[in-house]
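Okay, here's the structure, questions in a sec.
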Amino acid sequence: MKFEGRKYVFIVIFILIGIIYTFKLFYMQVVDDSWKLRAQQIAEQRREITPPRAVVFDRNGKKIVSNKTYYNLMMVEANIVDLDTAAFAKLIGWTVEDVRNRFKEIIVGEGKYKNPHTGKTTSNYQSIRAYPFLKELTADEISEIAPHLEDFLGFYEEVSDMRNYPYSNGANILGYLSEVTQEEINKDNFYTPGSRIGRSGIERFYEKEFRGIKGVKYIVKSAMNNVVGSFENGKYDTTAVQAPPIHLGLDVDLQAYGEKLLQNKKGCIVAIDPSTGEILALVSSPNYDPNLLVGNRKIRENYPALLKDPAKPLFPRPLASEYMPGSTFKLIQSLIGMQEGVITENSGFPCNKSVVGCHSHPSAQSVTQAVQMSCNPYFYAVTRKIIQQGKSKSDVKDAAIGLQKWSEYMHSFGLGKRLETDITGLRPGVIPDPEYYDKWYGHHQWKFSTIRSISIGQGEVQLTPLQLANVAVIMANRGWYYTPHFVKSIGNNGPLAQFRKKNYTMVERKYFDPVIEGMRRVVHEGGGTARRARIDGMIVCGKTGTVENYIGSVKQKNHSVFIAFAPMNNPKIAISVFIENAGGGGGTWAAPTASLMIEKYVNGEVKDLAKEKYILDANFIN
Amino acid sequence: MRQNQSLTANVDWPLFVVYILLMLMGLATIYSAAFDSDHPSLFDFSQKYGKQVIWLCVSLFLGLCVFLIDSDIYRKFALPIYLFVILLLVIVLFMPPINGARAWLGVGTMGIQPAEFAKIGTAILLARFLGTININQQNKSTVLIANAIILVPMVLILLQPDAGSFVVFTAFLFVLYREGVSYDPLILGILNLIPIKGLHFKQTWIGTHFIPILFVTIFLSVATLLISNNSFELSLFPGIEFPGYAKMLFFIFVFCLIGYLIMRFAFSKRDKKRAALIAFLAFILAGGLTYAVNYSFQKLAGHQKERIELVLGLRQDPDGDDYNRNRAMAAVGSGGLLGKGYQNASVSSVESNHVPESETDFIFCPFAEEWGFVGSLFLVLLYLFMILRVIIIAERQKAAFNRIYAYAVAMILFYHFGINIGMNIEFMPVIGIPLPFFSYGGSSMMSFSMMLFILLKLDSQRKDVLN
């Protein structure tokens, strides 16, 4: 054949194409990874699963914070195809207008991001990202919607968990959750739009311990964005791990009882187990039901009202309210006086009402008596001796030296600085030091007589009820304290290391006994100021305080203050009570309240029903 | 004729085995890609894999029928067979259109595509015509009739319209080339109109090698448009932007160099100078052609440019016009070396539906995704083996009819293979034609099987033929 040679043209073409195709396939499938990424974009979806937050138990194993399942209706704009807005609005029971507005709201709500380099402003909103369109639907509500979602591409349901509080107590301790902000998302990739974060209380302080470990599920999605199945049989999936349960030192029954006692009153109760530093109850009154701030819907409904309420229910008074301590402060003054050697336990000072006012009582002949009778002139004299020790010939220089020393003592009692309790919103209180008065009066422009009101816990001195309860702890322990804390254990781990370290005051153990004897007499002896704090069969040691206070220059009713611990020789509870503008003295309202709390905690039940009724009936708000 | 031979005598078993292997691999891939967990049985005839089992059996039955009939009838009845398929192609134009094309004859799902069978009819008549003893390849009537045999079904198919089958019919032009049909009568007719005294062409190189030159020209033009569009940077020379056209020139240069080296070894001493000249001329001509194409493309008006870019798939529009190819490439490319495993395709399963037609025209996607490069290479080698085997069969025929028919089969298979796989890997525009023996579909399975069985039958009787 003449043209037989042409067969080689064919053979060469076939083999050439075969080689070219093989090389291209090798490049695409083995060398180049970009098509694998593209395939991932097209067909795979990484879904993160957020575990429910850790549950919380009280000291007796009662579950006080749990989770409830809710549903979100999620939306991915890029996947929406030909949305029949009218039908969709009908499905979720909205108007078409509402649906349109919600779209705008989602886009605007994400805010804008200004690129610091280019100066360009872009929206944070991304059409390929999932956003909750409807949030916090109940199982009933979603069951109406979910079966019809296949008609509305780009929408799908998602399970979410929300907090549930079986006891409606301790809102200011537990805190609440709310949606993360864009900044929080940028800072921590744990969060995605719609995630919740602890906004206050221990939920905020222990955010990382609460949130657990996210799970990841890789799914194969179809061109219509339906889930087809798990990717490679779930080879790369990880399960979400809920954080281990958190146990609090809180006694929810005691907490509830305290909240009940303070009904119709502004004030606080802080009760601590002195041997461990665990906070047993931390009552802030008025307060709110934590279930009011669960989920966006309820937050939107209830938060503004709570915020506007003049009684400030959202304000954690025991942590953040700084009060003058009044006469309760005298306990510390007497301890410092003895430690500094300016008095002994048997020092006596006349009740000289010309320097500072006092009530009628015989002059105190000892520290014990002075505490028992709460003699103002006595502590004026003691504090004067502490501040003006004659270490300098100049009165003003001498006062500065003395006050410096005094403030250091106070700091060792956990005053004038923030206690590092495991909660947010703590205030440090005020313990004035020389620097403080230098700012007020000028350097060396002041001496003891200028600042004398600090001697009886008035004037510039301020502390929080938590700090005052901690003073009661120090009295109960005769000189040391664990930093008060809420969390007893996280899973199998005990409290954080900083709560296992004893803090010693600068006052030696031996000086506590006369003061504590005075505290016993305050409650149990005839001349004491807190006879209403007596409990049958238990020795209670306490100290009253009556705090004068002003709004502007208008004198208000006194605050009633009381600190105590009990039983005297084996203290199980240390407590501080503040009742604002109750009138009367510390013994009238705060002392019986404290004793009811002590009785409830130590004995498990309150037998003195008359006292209970007396407190429950008291109303200082209206 | 010896009629007492057994049915299977002289059957080319390698070709038959590859055929069976491809069909089974195709069936397995369809079963994986179109799997419906509600209908897990392979023999569930409501599903595509169940139906493919039927097509497979019907095809084998047709093959048996072909083997029972003496192969001589194709030569004898070439014209009636051709006219019959042309009639079908005419009738189909009066059928209601499905998906915009009047390509289906019959009712509902049981229809057939006459275009598939027209390939057989055309191949037979072409073989009959060019296989005539004493045919003159230089004759004007030869080239005209041969082209007419190809062009008539092509025009009818274009009227359906079915671009894929239309393109496949150009495969027959290569058969003309193999048989030495010269286009000189046509080209000389034009050239000799030029009124220059003393200039009279008797034979041209272009006319002799018209078909390869035509396709090389088309190939170079398309490649220029594809490659020259984007300028590029080399990491070796950072900051310098090369025009995309430079890449094209480089490829041509390398190709010519390789060609020159091959020719140097292949040619006798006397022709070594000619090799250099041919390589140089080829470089100048190809370079000039690509430059002209590139230059005129850049000068085109915006909307014309855009249209060409769209047709060639140059527009980067992964979710729009380029959707299919982009999804297909993602599926193939994500297969990796060993693939994702059988029934584990995530991009190209019918259920996820990212790659449309993943059980018919894009069947290579699920296969390549599940079996990776190793599987893809195996499939490419199988097809290459099959096509080269057909060429070997063709060249051992005594009868010109048999040889021409075999070349037609080889070219048709090569076109389907090249275009179908090529559109998954960016080398071909998306043209909807099936992968032979592999894709789901009754018409293509039956027509390709018949085509192959006729070849096998012709081959098995090759010694009987006297002419």
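Please go through the stretch B:408-448 and pick out each residue that is of a type in the set (S, T, Y) and in contact with a Leu (Cβ under 6 Å, 6 or more places away or on another chain).
none
B:I391: in contact with an Asp or Glu (Cβ under 7 Å, 6 or more places away or on another chain), within 12 Å of chain A (Cβ to nearest Cβ) and closer than 30 Å to B:N134 by Cβ, yes or no?
no
All but one of (1) in contact with an Asp or Glu (Cβ under 8 Å, 6 or more places away or on another chain); (2) facing another protein chain (nearest Cβ under 8 Å); (3) more than 30 Å from B:G336 (Cβ to Cβ) hold for A:Y71; state the number of the condition that does not hold.
(2)
Of these, A:S285, A:S230, which one is within 30 Å of A:V76 (Cβ to Cβ) and polar (S, T, N, Q)?
On inspection, the qualifying residue turns out to be A:S230.
Just need a number here: residues in the stretch A:24-60 that are of a type outside the set (D, E, K, R) and either without any contact (Cβ under 8 Å) to a residue 24 or more places away in the chain or in a helix (DSSP H, G or I) (or both).
The qualifying residues number 15.
Let me ask something else. Restricting the first residue to the stretch A:528-546 and requiring it to be among the charged types (D, E, K, R), which pairs with a second residue that is in a loop (DSSP other than H, G, I, E, B) meet a Cβ separation below 6 Å and a spacing of at least six or different chains?
A:R532/A:G587
Any chance you could count how many residues in the stretch A:16-42 are at the interface with chain B (Cβ under 7 Å from one of its Cβ atoms) and among the hydrophobic types (A, V, I, L, M, F, W, C)?
8
Could you list, in sequence order, the residues of the stretch B:353-364 that are within 11 Å of chain A (Cβ to nearest Cβ) and either surrounded by fewer than 24 Cβ atoms within 10 Å (Cβ to Cβ) or at pLDDT 90 or above (or both)?
Hits for the stretch B:353-364 are B:N353, B:P356, B:F364.
May I pose another question? Against the condition of a type outside the set (K, R) and under 30 Å from A:P290 (Cα atoms), how does A:E44 come out, does it pass?
No; evaluated as a whole, the condition is false for this residue.
State whether one or more residues within the stretch A:547-555 are small (G, A, S), touching a helix residue (DSSP H, G or I) at 6+ places or on another chain (Cβ under 6 Å) and surrounded by fewer than 16 Cβ atoms within 10 Å (Cβ to Cβ).
No, because not a single residue in the stretch A:547-555 is small (G, A, S), touching a helix residue (DSSP H, G or I) at 6+ places or on another chain (Cβ under 6 Å) and surrounded by fewer than 16 Cβ atoms within 10 Å (Cβ to Cβ).
Restrict the check to the stretch A:83-90 and report whether at least one residue is surrounded by fewer than 13 Cβ atoms within 10 Å (Cβ to Cβ) and β-branched (V, I, T).
Scanning the stretch A:83-90, I find no residue that is surrounded by fewer than 13 Cβ atoms within 10 Å (Cβ to Cβ) and β-branched (V, I, T), so the answer is no.
Failed condition for A:R47, given (1) more than 21 Å from A:E207 (Cα to Cα); (2) crowded, with 20+ Cβ neighbours inside 10 Å, with all others met?
Going through the list (1) more than 21 Å from A:E207 (Cα to Cα); (2) crowded, with 20+ Cβ neighbours inside 10 Å, A:R47 breaks only (2).
Now for a separate question. Go through (1) under 27 Å from the mean Cα position of the chain (by Cα); (2) more than 22 Å from A:Q369 (Cα to Cα); (3) part of a strand (DSSP E or B) and name the single condition A:K555 misses.
Against the list (1) under 27 Å from the mean Cα position of the chain (by Cα); (2) more than 22 Å from A:Q369 (Cα to Cα); (3) part of a strand (DSSP E or B), A:K555 comes up short only on (1).
Only one of (1) touching a residue at least 24 places away in the same chain (Cβ under 8 Å); (2) on the phi < 0 side of the Ramachandran plot; (3) buried (at least 20 other Cβ atoms within 10 Å of the Cβ) is not met by B:A410, so which one is it?
Just one mismatch for B:A410, condition (1).
For every residue, the table says whether it meets (1) at pLDDT below 95; (2) not in a strand (DSSP E or B).
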| position | (1), (2) |
| --- | --- |
| A:V473 | no, yes |
| A:S489 | yes, no |
| A:P495 | yes, yes |
| A:G518 | yes, yes |
| A:G526 | yes, yes |
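Return yes when A:G154 is modelled with pLDDT under 85 and either on the phi > 0 side of the Ramachandran plot or polar (S, T, N, Q) (or both) and no when it is not.
Judged against the criteria, A:G154 is a match.
The values are calculated or read from the model by the stated rules, or taken from the named source; none is laboratory data. Note that this is a predicted model, so its numbers are computed, not measured. We place every Cβ from the backbone using ideal geometry, glycine too, and count neighbours over all the protein chains shown.
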